[in-house]
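Notes for the one structure printed next.
Coordinate-derived values only; no laboratory data. Just so it is clear, the model here is predicted, and its values are computed rather than measured. Please note: Cβ atoms are built from the backbone with ideal geometry, for glycine as well, and neighbour counts cover all protein chains shown.
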Amino acid sequence: MEQTSIFYQSEGLASVEVIEVERETTVAALLEILVNKHRWSSEVVLFAEDIDEALDAALLVREIETTSGTKVHAHRCRKIDVAVTFNGTTLPYEYAPSATIARIKRHVAIEGFHLSEEAAAEHVLQIKGSTTQPAPGTHLGALVHHPQCRIAFDLVPKVRVQGAYETIG
Amino acid sequence: MAPDERALLGDLEKGLFRLGVAEQNWRLERVQWPKVHIALRARDCRWFSLRFDCTNYPVWAPTACLWDFERDACLVVELWPKSRGGRVAAVFNPGWKDGSALYLPCDRETMPGHDAWLTTMPALVWRPADGIVQYLEIVHELLTSHDYAQPAVPTP
């Protein structure tokens, strides 16, 4: 049977993990494999990356494959409340745990704070009260632990690397 | 195999590096320890090779320079990524250490003397737990940013 790589993120996992499964594996069977591997709660459900609804358990892995890597997210939260602050204004949103930081940043910056595409690209989400700026491919759920299905960010400019130029004239 | 080489090869097997390969953000070209060649794809689909020195990885940050994989030599400045006046020029700066290191807080050769970066740009300071993917993500973000412009002369 032909195998494929599934890249997955979840609450409690430090980074992206990868597992090889047969393409004919059902989503239900994939979830069972992951739950057993990581000893997750049975409340966990699977989402495809940047898709709002949980995956249908009857689907086959080959039916959710993408050419740029099949990416899923496992989480107990079905939705996550997101608050983003920019220039003193805070806007509330709701996303699936599988929403990428890149998608959220772009959506909030352009639709919420009316930045241009180019200006939005020069900003980044930073977890409120920290200096942590999750990578664009990070799934929202990787930053949130059930039952606290919420998180807050600041939308901040990307920094230009500068300083100590006296050493190079 | 020395611990640093084993650690680097282990990180290349992890999901985050493999995902970047699957998304064609980067690709491994060659490991010739302690040198590691990885190419990154820019906004215009052009690939730029970096030659990393990963001595004592991941305790020490790597250091990297632009590399001409065909000539097996430093990439000539005319073929370096260009900037539209923003963040790219600061990092791809041929005047910094004669082009032998990128001007980034996560670069081993660049960080010394820049202690202020620990507070002004902590997100870009080397994190051993994240490993080489941290460096790759920072460079890939620059190469796919609106500030990136193609090199002054076309690739031969």
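Relative contact order for the stretch A:4-102 using alpha-carbon pairs under 8 Å, separation at least 6, rounded to a whole percent?
Details: 164 pairs, mean separation 28.9, N = 99.
Computed over the stretch A:4-102, the figure is 29 percent.
Please report the spacing between the Cα centers of the stretch B:127-156 and the stretch A:121-157 in Å, no decimals.
Cα centres, the stretch B:127-156 to the stretch A:121-157: 22 Å.
If you line up the Cα atoms of the stretch B:5-156 on their principal axes, what length do they span on each, largest first, in Å?
Taking the Cα atoms of the stretch B:5-156, the three principal extents are 38, 34, 26 Å.
Sorted from fewest to most neighbouring beta carbons within 10 Å, what does the list A:His145, A:His114, A:His123 look like?
Going from sparsest to densest Cβ surroundings: A:His114, A:His145, A:His123.
So if I place +1 on the C-beta of Lys and Arg and -1 on the C-beta of Asp and Glu, and nothing else carries charge, what would the dipole magnitude of the protein assembly as shown be about its Cα centre? I want it in debye, nearest 20.
460 debye
Which net charge results when you count Lys and Arg as +1 and Asp and Glu as -1 among the other residues whose beta-carbon is under 13 Å from that of B:Phe17?
Result for the local shell: -3.
With 29 Å as the cut-off, how large is the P(r) tail for the protein assembly as shown, expressed as percent of Cα-Cα pairs? Walk me through the numbers before you get to the answer.
Details: 21959 of 52650 pairs.
Summing the P(r) tail past 29 Å for the protein assembly as shown gives 42 percent.
Hey, fewest Cβ within 10 Å first, where do A:Ser5, A:Ser98 land in order? Intermediate results must be reported in sequence, preceding the final value.
Values: A:Ser5 16, A:Ser98 28.
Ranking A:Ser5, A:Ser98 by Cβ neighbours within 10 Å, fewest first, gives A:Ser5, A:Ser98.
What list of ³J(HN,Hα) couplings, whole Hz, do you get for the stretch A:40-47 from phi and the Karplus terms 6.51, -1.76, 1.60, once you set θ to phi - 60° and write x for glycine and proline?
7, 5, 6, 6, 5, 10, 9, 10
Could you order the peptides B:121-131, B:137-147 from most to least packed, using the average number of other C-beta atoms within 10 Å per residue?
B:137-147, B:121-131
What list of ³J(HN,Hα) values in whole Hz, one per residue of the stretch A:124-135 in order, does the Karplus curve 6.51 cos²θ - 1.76 cosθ + 1.60 (θ = phi - 60°) give from phi, with Gly and Pro shown as x?
Residue by residue, the stretch A:124-135 yields 9, 8, 10, 4, 4, x, 9, 10, 7, 10, x, 4 Hz.
Using Cα pairs under 8 angstrom and six or more residues apart, how large is the relative contact order of the stretch B:7-113, in percent?
16 percent
How large is the charge dipole for chain A, taken about the Cα centre, if only the Cβ atoms of Lys, Arg (+1) and Asp, Glu (-1) carry charge, to the nearest 20 debye?
Using Cβ point charges on Lys, Arg, Asp and Glu, chain A gives about 540 debye.
Equivalent-ellipsoid semi-axes (√(5λ), Cα gyration tensor) for the stretch A:1-127, whole Å, largest first?
31, 16, 12
Check the cysteines of the protein assembly as shown one by one and keep only those with no other cysteine Cβ under 4.7 Å from their own.
Among the cysteines of the protein assembly as shown, those whose Cβ sits 4.7 Å or more from every other are B:Cys45, B:Cys54, B:Cys65, B:Cys74, B:Cys106.
Can you tell me, using C-alpha contacts under 8 Å and at least 6 residues apart, the relative contact order of the stretch A:40-169 as a whole percent?
26 percent
Among B:Cys74, B:Cys45, B:Cys106, whose mean-square fluctuation peaks in a Gaussian network model of chain B (Cα, cutoff 10 Å)?
Maximum fluctuation in the GNM of chain B, among the listed residues, is at B:Cys45.
Quick check: convex hull of the Cα atoms in the stretch B:85-156, volume per residue, rounded to a whole Å³? Walk me through the intermediate numbers first.
Numbers: hull volume 8.6 nm³, N = 72.
Cα convex hull per residue, to the nearest whole number: 119 Å³.
Compute the Rg to Rh ratio over the stretch A:1-60 from the alpha carbon atoms, using the Kirkwood formula for Rh, and round to two decimal places.
0.93
Quantify how strongly other chains surround peptide A:121-133 by giving the mean number of their Cβ atoms within 10 Å of each of its Cβ atoms.
For peptide A:121-133, the averaged partner shielding equals 2.
Within the stretch A:87-169, report the trypsin sites (Lys or Arg not before Pro) that DSSP leaves as loop and that have at most 15 other Cβ atoms within 10 Å.
A:Lys128, A:Arg160
Taking the alpha-carbon distance from A:Lys71 and a cut-off under 24 Å, which lysines remain once sequence neighbours fewer than 8 residues away in the same chain are dropped?
Partners within reach: A:Lys37, A:Lys79, A:Lys105, B:Lys14.
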